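The values are calculated or read from the model by the stated rules, or taken from the named source; none is laboratory data. Source: prediction; values computed, not measured. Here Cβ is always computed from backbone atoms with ideal geometry, including for glycine, and neighbour counts include all displayed protein chains. Remember, those area values only see protein heavy atoms, side chains included, never the ligands or the DNA or RNA. Shrake-Rupley method; radii C 1.70, N 1.55, O 1.52, S 1.80 Å.
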Amino acid sequence: MNKVGIEEIKVQGKRVFVRVDFNVPMDDKQNITDDTRIRAALPTIKHLLANKAKVILASHLGRPKGQVNPKYSLAPVAVRLSELLGQEVQMAKDCIGPEVQAQVQKLQDGQVILLENVRFYGEEEKNDPDFAKKLADLADIYVNDAFGTAHRAHASTEGIARYIPAYAGFLMKKEVDIMGKALESPARPFVAIIGGAKVSDKIAVIENLLQKVDTLIIGGGMANTFLKAEGKEMGKSLVEDDKLELARQMLKAAQGKGVNLLLPVDLVVAKEFKADAPARTVSVDELEADDLALDIGPQSAENFASAIVSAQTVVWNGPMGVFEMEAFAKGTEKIAQAMAKCQGTTIVGGGDSVAAVEKMGVAEKLTHISTGGGASLEFLEGKTLPGVAALQDK
Ligand code: ADP
Ligand code: MG
């Protein structure tokens with residue numbers, strides 16, 4: 001999975017259609033409340049402008065469901081982007097059609113235009129070939145820098161690449177290179193940590209990683225189901241009783257493959273799912289019938305950390321406990337610190353896990369923070385992402 005990046009192609013004088021992820025949060029007055037995603041796209045945009053391309057940006061925003069809806073206009077993004085770039089960003093009234101075409105024709109080298117929300121057309125999410133062709137007709141080259149939507153085969157993420165040469169932007173390339181290498185030819189030992197609320201969300205991730213890792217660490221709410229499968233009393237903890245058999249099969253599969261599977265040996269429990277509920281640390285054999293397991297205990301965190309620190313590749317998805325509550329955040333914190341200490345390649349993916357490492361201030365010490373929640377999960381599941389597959393291989 002070695003994709004051609006934009007630094008390897010000539011873009012001067014070319015019309016370059018760039019699919020970015022400008023799906024930023026806004027308040028009811030359409031003020032952008034967090035511009036991280038706009039900033040994240042700057043390296044690709046600046047590279048193209050500096051190399052005198054005519055840059056045509058496209059994105060979705062929210063869920064307008066195929067209807068034109070001013071609430072989901074990208075116009076505020078054009079204003080913000082213009083401030084960040086220090087140059088004019090033209091705002092198109094639409095993303096296809098004669099008016100947009102005329103506007104694009106007038107673009108000079110080194111100028112940039114932002115198309116209106118591609119999801120104002122139902123054809124976008126249907127990956128309609130005619131719509132994709134109309135988008136492609138605006139440009140000579142396609143660049144995808146929106147990893148977060150790469151797991152969707154939409155017109156602006158996949159269909160368009162059938163008509164014009166398609167390359168990876170910097171953000172996309174980084175995701176694919178680092179995550180691709182970790183999963184295809186990892187430096188070993190390769191350790192994966194899977195947590196979060198439920199086993200059922202991550203069955204395919206666990207199954208795929210079991211084929212690849214040396215050590216698989218299971219924490220968070222989903223560990224409860226594995227512990228119960230091993231015969232432990234889990235009290236009132238979140239357990240998926242319909243997944244007990246599957247958990248047993250996974251434990252057996254790990255053994256068969258020689259994968260070192262680590263489960264918690266102690267837990268932080270409380271009687272209520274509340275931030276100020278009195279918490280106790282107990283061994284996994286000591287839960288009472290009315291206990292809720294809300295975090296891994298200190299001995300478990302220690303065991304997990306020692307595997308992480310000595311690894312050459314670590315992939316982490318899913319918090320170790322209810323980290324949103326201070327009293328149950330310590331397990332997740334210790335894992336984040338161990339990741340920061342690890343000298344190998346360290347990767348974090350998943351909405352809540354990324355929020356956790358950012359909150360804990362270790363983000364800069366990690367090799368890679370995957371931006372796309374759903375996309376990175378599908379990557380970890382071993383699926384081919386249509387938006388990635390559409391890009392040219394080396
Ligand atoms: P990610 O977004 O990183 O993929 P998930 O969405 O799968 O992670 O899981 C995160 C959620 O899991 C958090 O809201 C957290 O509170 C919850 N969680 C973790 N451990 C437990 C637990 N022991 N009991 C209940 N919920 C838990
Ligand atoms: Mg989540």
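If you take the beta carbon distance between ALA289 and LYS252 as r and set R0 to 25 Å, what does 1/(1 + (r/R0)^6) give as a FRET efficiency, to the nearest 0.05? Let's see the in-between values first.
Numbers: r = 28 Å, r/R0 = 1.13.
The calculated FRET efficiency here is 0.35.
Write out the trypsin sites (Lys or Arg not before Pro) in the stretch 67-151 meeting two conditions: DSSP loop, and at most 16 other Cβ atoms within 10 Å of their Cβ.
Answer in residue order: LYS93, LYS106.
Answer rounded, prolate or oblate for the chain, using the Cα gyration tensor with square roots of eigenvalues a ≥ b ≥ c: rounded when a/c is under 1.5, else prolate when a/b is larger than b/c, else oblate.
Numbers: a/c = 2.35, a/b = 2.02, b/c = 1.17.
Taking the square roots of the gyration eigenvalues as a ≥ b ≥ c, the chain is prolate.
For the chain, what is the calculated [θ] at 222 nm in deg cm²/dmol (nearest 500), taking -39500 (n - 2.57) for each run of four or more DSSP H residues and dividing by its residue count?
On the way: 15 runs with 137 residues, N = 394.
Computed ellipticity for the chain at 222 nm equals -10000 deg cm²/dmol.
For LYS341, which lysines qualify as cross-link partners when the Cα separation must be under 19 Å and same-chain residues fewer than eight apart are set aside?
LYS330, LYS359, LYS365
What lysines sit close enough to LYS71 to cross-link, taking a C-alpha to C-alpha distance under 24 Å and skipping anything fewer than 8 places away on the same chain?
Counting by Cα, and skipping residues close in sequence, LYS71 has these lysines nearby: LYS29, LYS93, LYS126.
For the stretch 181-285, which GluC sites (Glu not before Pro) pass both filters: DSSP loop (anything but H, G, I, E, B) and at most 16 other C-beta atoms within 10 Å?
Those that pass, being in a loop and sparsely packed, are GLU230, GLU233, GLU272.
If you roll a 1.4 Å probe over the stretch 6-171 with all protein chains in place, what percent of the accessible area is carbon or sulfur?
Details: 3420 of 7370 Å².
So the carbon and sulfur contribution to the accessible surface is 46 percent.
FRET efficiency for LYS383 and SER306, Cβ-Cβ distance as r, R0 = 41 Å, nearest 0.05?
0.85
Hey, with R₀ at 51 Å, roughly what FRET efficiency would ASP28 and TYR163 work out to, going by the Cβ-Cβ distance, to 0.05?
Values: r = 38 Å, r/R0 = 0.75.
In this case the efficiency is close to 0.85.
In percent, how large is the relative contact order of the stretch 6-171, given Cα pairs closer than 8 Å and 6 or more residues apart? Each step should come with its number before you reach the end.
Values: 340 pairs, mean separation 48.2, N = 166.
Relative contact order here is 29 percent.
Between GLN392 and LYS52, with labels modelled 7 Å along Cα→Cβ, what's the label distance in nm to one decimal, could you check?
Those two pseudo-labels are separated by 2.0 nm.
Would you mind getting the accessible area per residue of the stretch 6-171, heavy atoms of the protein chains only, 1.4 Å probe, in Å²?
Working: 7370 Å² over 166 residues.
Per residue, the stretch 6-171 has 44 Å² of solvent-accessible surface.
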